Amino acid sequence: MKPSKNELSYLILDGFWLKIIALLTMTIDHVGVALGMYYGENPQVMAIVNVCRIIGRLALPIFCFLIVEGVLHTRNFKRYLLNMGVIAAAVLISQIFMEYVMKLRVAQGNIFFDLILGAIAVKCLMDKRIWIKAIALLPIAFGVVSFIFYGLDFSGAPIAKYFPYFLRSQYHWYSIALVVAFYLSYPIAKWLLNNTSSFTGLDYEMTKDNNLYRIVVNSISILFLSIITIGLYLIGLFMDPIKVFWDIGLQNYALISCALLLLYNGKRGYNSIAFKYGCYIYYPLHILLAYGIVYLTFIL
């Protein structure tokens, strides 16, 4: 017997609300980064910065999760990539300007590279041809190379200049692996339901249109998020301290987002054209506002 949707009504978050939460936590994170940049010697402010950074860890897993949903449901994948590509180009130009004109070294990759590479990997995995599926390894390889060069950069290795930070992914292999894993949750959930139907009485066809299938996908996604995040932390423990360019332990707070992913109902929610494109514009806009406002409070 199929479970009714009412029995599984705790799935209360659609794509719209997940995106709002991701944007909000991202903004809080970047406000914290800006405060730390200008008020790093103030212990009271740094306490606030730490809270902001912890809250900000929720954003990346949600964005990676939504990238998969976007690729699965977009009607025009090329336009989907183009939209992100325009913002990626704007971020890249800004980083180059700050590096070579303002002489301000941000040393932070381009998050839209992460999302674009993740989207490409998912699209490749969706293809039936094996050789196309194999191409999905290239975005992950790019993330691994970014990770290596961040370590080289922070250890002062001269070779790092040949792959500058503004050409790297921001969260290196971690973000791209999350996107790929979240996508794989779908076929794994289907396989799991079909191969346990003999004793559960439920298979993919019986659950694909109700919330039970969604719960299985969400649960597998949470498992992947936990494994990959813990894996990142363990790698950080074994790295030479001089090459640890990122507070890897802080990323463990990303596991809090598991509670939000578990509540996702698989629906897009509100998605007007103004909101959709507003989300793209919001990224560079909120960066300017966050750093600009904190800078003004610092100099006044």
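Can you list the residues, at least 5 places off or on another chain, whose amide H is less than 5 Å from the amide H of residue 136, using H built in the peptide plane?
Answer set, sorted by chain and number: none.
Can you order the peptides 45-54, 209-218 by their average number of other Cβ atoms within 10 Å per residue, highest first?
Working: 45-54: 16.1, 209-218: 19.3.
Highest to lowest by the protection proxy: 209-218, 45-54.
Calculate the FRET efficiency for residue 133 and residue 101 from the Cβ-Cβ distance with a Förster distance of 51 Å, rounded to the nearest 0.05.
Numbers: r = 42 Å, r/R0 = 0.83.
Calculated value: 0.75.
Size of the dipole of the chain about the Cα centre, Lys and Arg at +1 and Asp and Glu at -1 on the beta carbon, nothing else charged, in debye to 20?
Details: 23 positive and 14 negative charges, 161 e Å.
I would put it at about 780 debye.
So which DSSP H runs in the chain come out at 20 Å plus along the axis (Cα) with average Kyte-Doolittle of at least 0.5?
Values: long enough: 15-39 (35 Å, 1.22); 59-73 (21 Å, 2.00); 77-100 (34 Å, 1.06); 111-126 (23 Å, 2.18); 137-154 (26 Å, 1.88); 172-195 (35 Å, 0.74); 211-238 (41 Å, 1.80); 273-299 (39 Å, 1.32).
In the chain, the long hydrophobic H runs are 15-39, 59-73, 77-100, 111-126, 137-154, 172-195, 211-238, 273-299.
At 7 Å along Cα-to-Cβ for each site, give me the label-to-label distance between residue 184 and residue 51 in nm.
About 3.8 nm, to one decimal.
What fraction of the Cα pairs in the chain, stated in percent, has a spacing above 26 angstrom?
Values: 21823 of 44850 pairs.
So the portion of pairs separated by more than 26 Å is 49 percent.
May I ask you to sort 131, 191, 17, 173 by Cβ crowding, counting other Cβ atoms within 10 Å and putting the fewest first?
Details: 131 8, 191 11, 17 17, 173 25.
Final ranking by Cβ density, sparse to dense: 131, 191, 17, 173.
With contacts defined as alpha carbon pairs under 8 Å and 6 or more residues apart, what's the relative contact order of the stretch 13-163 in percent?
Numbers: 116 pairs, mean separation 23.7, N = 151.
That works out to 16 percent.
List the residues whose amide H sits under 5 Å from the amide H of residue 269, counting only those 5 or more places along or on another chain, with H placed 1.01 Å from N in the peptide plane.
Long-range HN contacts for residue 269: 15, 16.
With each run of n ≥ 4 DSSP H residues scored as -39500 (n - 2.57), what mean residue ellipticity at 222 nm is computed for the chain after dividing by its residue count and rounding to the nearest 500 deg cm²/dmol? Write down the numbers at each step before the final one.
On the way: 13 runs with 209 residues, N = 300.
Counting only the DSSP helices, I get -23000 deg cm²/dmol.
How many times 2.2 N^0.38 Å is the alpha carbon radius of gyration of the stretch 120-185?
Ratio of Rg to 2.2 N^0.38 Å for the stretch 120-185: 1.28.
Just so you know, all these numbers are worked out from the coordinates, no wet-lab data involved. Please read these numbers as outputs of a predicted model, since none were measured by experiment. Reconstructed Cβ throughout: ideal geometry from the backbone, glycine too, with neighbour counts over all protein chains shown.
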